[in-house]
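The values are calculated or read from the model by the stated rules, or taken from the named source; none is laboratory data. Quick caveat, the model's predicted, so the values are computed rather than measured. All Cβ positions, glycine included, derive from the backbone under ideal geometry; neighbour counts span all protein chains shown. For accessibility, only protein heavy atoms count, side chains too; no ligands or nucleic acids. Shrake-Rupley method; radii C 1.70, N 1.55, O 1.52, S 1.80 Å.
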Amino acid sequence: MAEFKEDKFFRKQGDSDDSVEKLKKKISKPKQQNLISTSQKIKEMFKKQQFKDIVNWAEKDTSITLHEYDEMKVNSQVLKLGQYALIKNAKNPSEDFVGKIQRIVTIKENKSTKLICLCEVNWFYRKSEIIKFKPQAKQWISNNEVFSTNCTDYILASSILSPCRIVTLEEYETCSQVDKGVFFTRLEWLPTKKKFDGLSKLQNHCTCKQPQNPDQIYIQCDKCQKWYHITCVGLKKGEYEQKEYICGCCR
């Protein structure tokens with residue numbers, strides 16, 4: 001079998017040692033340029049907050065190490081896959097985003113010490129996001145109500161504030177005190193169609209014929225057992241606490 005020595009492979013007759021070194025540099029230069037372009041590409045995507053693209057790139061590029069995790073720590077609290085989380089809303093700090101944790105990953109270039117920690121979340125829409133398209137729903141959507149969607153995205157793990165809970169409306173109503181970070185859900189929101197899925201299945205109440213909103217005060221007719229908003233029937237809070245109330249339809 002033929003043997004290839006370094007000087008025999010690279011040298012031509014009359015080449016000096018200096019010319020061989022230059023040839024080696026020329027051959028190795030494209031690899032170095034490729035490494036720089038990968039690094040620059042990651043920085044560019046990070047700056048534009050294209051975190052999903054970073055993950056897709058990392059899954060294909062062998063110069064990047066990607067690790068997955070089942071849980072992470074957020075402000076001394078453990079957050080696991082499948083749990084719900086409050087996520088920082090930079091544009092409106094008074095109303096945090098809500099999402100379900102689908103994936104936890106870290107990404108690191110092999111020749112870098114910088115670590116990017118990302119989470120894939122399944123978004124839940126809140127009241128302010130819904131009423132932009134359905135202003136008439138403002139009266140019956142609770143401030144603590146969230147709507148499931150099929151929207152997913154990657155976010156920085158550092159933007160997660162804390163775990164939170166999402167329960168059914170029935171469970172929410174049994175809470176004697178609703179803590180911050182407790183929400184309920186009863187409908188799915190379809191962002192592409194800008195409409196609810198299953199709205200017709202909700203029971204309507206009162207003379208305004210709207211679904212129940214646990215934030216509002218209702219009064220029950222002692223005859224027909226139907227519920228009415230006190231504002232819709234012209235009552236004040238506590239006015240009928242000690243006496244019978246008969247609605248306009250039953251009088």
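Here are some notes:
- Scope the stretch 40-76; condition open to solvent by less than 90 Å² (accessible area, probe 1.4 Å) and part of a strand (DSSP E or B); matching residues: I64, T65, L66, M72, V74
- The residue that is nearest to K138 (Cα to Cα), counting only those in the stretch 165-215 that are among the β-branched types (V, I, T) and open to solvent by less than 80 Å² (accessible area, probe 1.4 Å), is T185.
- Remark: K12 falls outside the filter, which requires a residue to be more than 21 Å from W123 (Cβ to Cβ), over 27 Å from the mean Cα position of the chain (by Cα), part of a helix (DSSP H, G or I) and modelled with pLDDT under 95.
- Restricting the stretch 111-154 to residues that are touching a strand residue (DSSP E or B) at 6+ places or on another chain (Cβ under 7 Å) and part of a helix (DSSP H, G or I), the residue that is most open to solvent (accessible area, probe 1.4 Å): Q139
- The one condition in (1) open to solvent by 70 Å² or more (accessible area, probe 1.4 Å); (2) under 30 Å from M45 (Cβ atoms); (3) among the polar types (S, T, N, Q) that T106 fails to fulfil: (1)
- First in the stretch 186-212 and closer than 23 Å to Y228 by Cβ and part of a strand (DSSP E or B), second anywhere and open to solvent by 50 Å² or more (accessible area, probe 1.4 Å) and hydrophobic (A, V, I, L, M, F, W, C), Cβ under 8 Å, 6 or more apart: H205/W227; P211/L199
- Residues within the stretch 100-144 that are without any contact (Cβ under 8 Å) to a residue 12 or more places away in the chain and closer than 22 Å to D53 by Cα, tallied: 3
- Checking the stated criteria, L161 turns out not to satisfy the condition of being touching a strand residue (DSSP E or B) at 6+ places or on another chain (Cβ under 9 Å), under 30 Å from Q225 (Cα atoms), of a type in the set (A, V, I, L, M, F, W, C) and open to solvent by 40 Å² or more (accessible area, probe 1.4 Å).
- Close contacts from the stretch 87-99, counting a first residue that is within 13 Å of A157 (Cα to Cα) and among the hydrophobic types (A, V, I, L, M, F, W, C) and a second that is open to solvent by less than 90 Å² (accessible area, probe 1.4 Å) and in a loop (DSSP other than H, G, I, E, B), with Cβ to Cβ under 7 Å and a gap of 6+ residues or different chains, come to I87/D96.
- Remark: T231 falls outside the filter, which requires a residue to be open to solvent by 70 Å² or more (accessible area, probe 1.4 Å), under 30 Å from F46 (Cβ atoms) and assigned to a loop (DSSP other than H, G, I, E, B).
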